[in-house]
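The values are calculated or read from the model by the stated rules, or taken from the named source; none is laboratory data. Bear in mind that the values here come from a model prediction, so they are computed numbers and not experimental data. Using ideal geometry, Cβ is built from the backbone for each residue, glycine included, and neighbour counts are taken over all protein chains shown. Ligands, DNA and RNA are stripped out before the accessible areas are found, and what is left, the full protein with its side chains, is counted by its heavy atoms. Shrake-Rupley method; radii C 1.70, N 1.55, O 1.52, S 1.80 Å.
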Amino acid sequence: MNRDTICVQGGYHPKNGEPRQIPIIESTTFKYDTSEDMGKLFDLEADGYFYSRLQNPTCDYVAKKICELEGGTAAMLTSSGQAANFFALFNICNAGDHIVASSSIYGGTYNLIRVTMAKMGVKATFVSPCCTEAELNAAFTPETKCVFGETIANPALTVLDIETFAKAAHAHNVPLIVDNTFATPINCRPFAWGADIVTHSTTKYMDGHGAAVGGAIVDGGKFDWMAHAEKFPGLCTPDDSYHGITYAEKFGKEGAFIKKATAQLMRDFGSTPSPQSAFLLNLGLESLHVRMQRHCENGQAVAEFLASHPKIAYVNYCGLPKDPYHALAQKYLPHGSCGVVSFGLKGGRAAASTFMKHLKLAAIETHVADARTCCLNPASSTHRQMNDAELKTAGVPAELVRMSCGLESSADLIADIAQALDAVE
Ligand SMILES: *Cc1c(COP(=O)(O)O)cnc(C)c1O
């Protein structure tokens, strides 16, 4: 089915007389007639629910819809995008292992990999998202277990060359994990370009209304764990905590990754979404295809206006022909990228501050991908501890403003930006 139809009707198919809308199953636990019935669930011999820390029907309906949207074989929801990326990485990386990651990724994920996972004994090498194949291949070690990048990076707005990264990963017998939060499966399906696992912060466009924090992991079902069994003992050798089940044997390429992440990581870490949050996420998904189109139209209109304005020094938006990522965007994002635009004011940090103070529609928020337009000056908020030189190196110079274009009229957004720029000297 077409992705537009999956957004509306995917994941949940009520039978005769059942609720039309996904039911919110607010129950921590589930009732069984015999201990034998429940025992089968604990042995992973039967599918079913016994405790909502591991799985809940409402969450699974929504995970299934996201799975269908990405064209994957299995999926799970998590309590946040951070949990999704942590689970995706930690599901295959143990102490002593190594990750190759794009340096152009979300700050939270960068900290997770560089600081927190390092404390767990997992090392990482960061590479530029536009590095050469030789540079990329040089980043691998014998301990490398995966490659990680973002389709469109938050906040740098770089575009990942997914095919090149997938080729390098596969040449080293490891999977490529792609965080597809900003593009969403409406604008890019990373599995079609060779990615093996896709993650999401559903907090962003999928929810789309700033209502519920959440995440998702989807398996493309193509990576052959057993063919590289020595690299992935967690998937390819018996799990003592499940009577010696070997995930890759029992659940195959299509199911092993998500089964293990659910049975082990969700069981032990408990980063579970609430059924209520999953319900809200599904309301967002029902209109994702319609909303993405408008977010992209507004992003393009605002980027073009800014690029022609005398008080603007530069604009980052891959929909602009002059953008360094335009060619990659034409390949991977032919129908549009996202609604997030970043730009620098010629007047520097002070001009950015004046500009933002005078905006009436665009609110100052630590958020993106919401129905309501919002903006942020990283130098005075998320990156406040850095000095001007450090900000420049981090790719968020003091004058940079990140604007997430919402679903309002683009004429009103441009008028708001124009009057705020008039207030800048
Ligand atoms: C926001 C974001 C995250 C983290 O997601 P949360 O839902 O805030 O935990 C991860 N990756 C990207 C690309 C993001 O934009």
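Worth a mention:
- Among (1) of a type in the set (D, E, K, R); (2) closer than 12 Å to residue 401 by Cα; (3) in contact with a helix residue (DSSP H, G or I) (Cβ under 8 Å, 6 or more places away or on another chain), the one test that residue 365 misses: (3)
- Total residues in the stretch 383-404, condition among the polar types (S, T, N, Q) and under 15 Å from residue 157 (Cβ atoms): 1
- Test set (1) charged (D, E, K, R); (2) modelled with pLDDT of 95 or more; (3) out of contact with any Phe, Trp or Tyr (no Cβ under 7 Å at 6 or more places or on another chain) - residue 47 fails condition number: (2)
- Residue in the stretch 287-297 that is under 19 Å from residue 87 (Cα atoms), in contact (Cβ under 8 Å) with a residue 60 or more places away in the chain and of a type in the set (Gly, Ala, Ser) present: no
- Residue 421 being in contact with a helix residue (DSSP H, G or I) (Cβ under 8 Å, 6 or more places away or on another chain) and either touching a residue at least 60 places away in the same chain (Cβ under 8 Å) or open to solvent by 10 Å² or more (accessible area, probe 1.4 Å) (or both): yes
- Residue 302 falls short of the stated requirement of being in a helix (DSSP H, G or I), open to solvent by 30 Å² or more (accessible area, probe 1.4 Å), over 21 Å from residue 173 (Cα atoms) and more than 16 Å from the ligand (Cβ to nearest atom).
- For the stretch 159-172, the count of residues that are within 13 Å of the ligand (Cβ to nearest atom) and either more than 30 Å from residue 378 (Cβ to Cβ) or open to solvent by 10 Å² or more (accessible area, probe 1.4 Å) (or both) is zero.
- Some residue of the stretch 375-389 being closer than 15 Å to residue 204 by Cα, of a type outside the set (Asp, Glu) and buried (at least 17 other Cβ atoms within 10 Å of the Cβ): yes
- Residues that are modelled with pLDDT of 95 or more, open to solvent by less than 20 Å² (accessible area, probe 1.4 Å) and of a type outside the set (Gly, Ala, Ser), drawn from the stretch 128-144: 136, 144
- Here the condition is being open to solvent by 100 Å² or more (accessible area, probe 1.4 Å), of a type in the set (Asp, Glu) and within 24 Å of residue 277 (Cβ to Cβ); of 18, 36, 45, 26, it holds for 26 alone.
- Residues of the stretch 334-346 satisfying the condition of being touching a strand residue (DSSP E or B) at 6+ places or on another chain (Cβ under 9 Å) and open to solvent by 10 Å² or more (accessible area, probe 1.4 Å): 346
- Output for the stretch 33-55, where each listed residue is in a helix (DSSP H, G or I) and under 18 Å from residue 239 (Cβ atoms): 39, 40, 41, 42
- Residue 105 being within 27 Å of residue 329 (Cβ to Cβ), within 12 Å of the ligand (Cβ to nearest atom), among the aliphatic types (A, V, I, L, M) and at pLDDT below 95: yes
- Restricting attention to the stretch 61-91, the residues that are open to solvent by 10 Å² or more (accessible area, probe 1.4 Å), assigned to a loop (DSSP other than H, G, I, E, B) and away from the ligand (no atom under 11 Å from the Cβ) total 3.
- Residue check, residue 279 out of contact with any His (no Cβ under 8 Å at 6 or more places or on another chain), more than 21 Å from residue 177 (Cβ to Cβ) and open to solvent by 30 Å² or more (accessible area, probe 1.4 Å): yes
- Residue 319 being farther than 26 Å from residue 380 by Cβ, of a type in the set (Gly, Ala, Ser) and either surrounded by fewer than 19 Cβ atoms within 10 Å (Cβ to Cβ) or without any contact (Cβ under 8 Å) to a residue 24 or more places away in the chain (or both): yes
Results for (1) touching a residue at least 60 places away in the same chain (Cβ under 8 Å); (2) open to solvent by less than 20 Å² (accessible area, probe 1.4 Å), shown as yes or no for each residue.
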site: 95; (1), (2): no, no
site: 98; (1), (2): no, yes
site: 107; (1), (2): yes, no
site: 113; (1), (2): no, yes
site: 122; (1), (2): no, yes
